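A short write-up of the structure that comes next.
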Amino acid sequence: MGGGDGRVGRRLVLLGPPNSGKGTQAEVLARRLGVPAISTGAMLREAVAEGSGLGSRVDGIMKAGELVDDETMAEVVRERLARADARRGFILDGYPRTVGQAGTLERILDEAGQRLDAAVLISVPEEVLVDRALGRGRADDREEVLRERFRVFREKTEPLIGYYRERSLLREVEGDVPIRQVTERIVAALDAGGRSE
Ligand code: AP5
């Protein structure tokens, strides 16, 4: 494990296209930093599996590769970040995904007297991402749905790159290398530029 982890901020957002490894890295970083990994995709899939009201509202949207509306996501995230385990920090995987969601996150943190330490963008070429999806067996990994998820990423989520760059929070890593190497790159990028004052 790298020696600089102690200086890395603990309120992080992971950005990246579908299958870029956000969930994988969120779990590793969460263990390393001692904070929870919070995946909005996993939370929604759980709601669908449980057949809750939220689950039935979002099921069709997810199967089509579209985004759940910002208001619903604000409720989900506000509630999750209010739990005790997220007080010391969190790795958010899959939220925010729109500029509106980024504003909501800023407000939620502001109300709690907190702020984001960094937004990490994991970049991977699209052909590699398609290959990774093959055989995973998730309902939204069928090729036409995956293409739609890429389109939605480009249209709705890519603007966040500029949003976080303007705020000097963006850290970018190339993610087309083995999982451990991606983690090392993220930790190095955070350590080099993502320190809390
Ligand atoms: P979500 O679950 O967030 O899907 P996604 O962003 O499309 O991301 P994935 O989970 O597919 O991939 P990932 O980047 O986490 O990669 P992973 O680590 O799994 O969202 C699903 C849906 O929920 C959305 O389409 C939307 O409908 C809804 N939703 C969720 N959040 C929302 C929000 N905020 N607003 C509105 N709607 C929302 O890795 C992928 C695969 O690659 C794995 O098999 C893994 O083992 C492998 N892999 C990972 N890293 C590597 C590596 N370095 N080398 C080789 N293989 C690797």
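A few notes on this one:
- Count of the range 59-97 residues which are among the hydrophobic types (A, V, I, L, M, F, W, C), more than 7 Å from the ligand (Cβ to nearest atom) and within 16 Å of the chain's Cα centre (by Cα): 8
- Those residues of the range 144-197 which are within 11 Å of the ligand (Cβ to nearest atom), in contact (Cβ under 8 Å) with a residue 60 or more places away in the chain and not in a helix (DSSP H, G or I), in sequence order: Gly175
Matching residues to (1) buried (at least 19 other Cβ atoms within 10 Å of the Cβ); (2) more than 10 Å from the ligand (Cβ to nearest atom); (3) without any contact (Cβ under 8 Å) to a residue 40 or more places away in the chain; (4) of a type in the set (Ser, Thr, Tyr):
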residue	(1), (2), (3), (4)
Gly9	no, yes, no, no
Leu14	yes, no, no, no
Lys22	yes, no, no, no
Leu29	yes, yes, no, no
Gly34	no, yes, no, no
Leu44	yes, no, yes, no
Gly53	no, yes, yes, no
Arg57	no, yes, yes, no
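- Selection from the range 110-143 of residues that are part of a loop (DSSP other than H, G, I, E, B), of a type in the set (D, E, K, R) and crowded, with 16+ Cβ neighbours inside 10 Å: Asp117
- Flag if Gly135 is over 25 Å from Ala30 (Cα atoms) and of a type in the set (Gly, Ala, Ser): yes
- Test: Arg115 is touching a residue at least 60 places away in the same chain (Cβ under 8 Å), more than 12 Å from the ligand (Cβ to nearest atom) and closer than 30 Å to Asp176 by Cα: yes
- Residue check for Arg107: assigned to a helix (DSSP H, G or I), touching a helix residue (DSSP H, G or I) at 6+ places or on another chain (Cβ under 6 Å) and more than 10 Å from the ligand (Cβ to nearest atom): no
- Asp110 touching a Lys or Arg at 6+ places or on another chain (Cβ under 6 Å) and under 26 Å from Ala86 (Cα atoms): no
Quick note: the coordinates plus some simple rules give every number you see, no bench work behind them. Keep in mind that what you see is a predicted model, and the values were worked out from it rather than measured. Cβ atoms come from the backbone with ideal geometry, glycine included; neighbour counts cover every protein chain shown.
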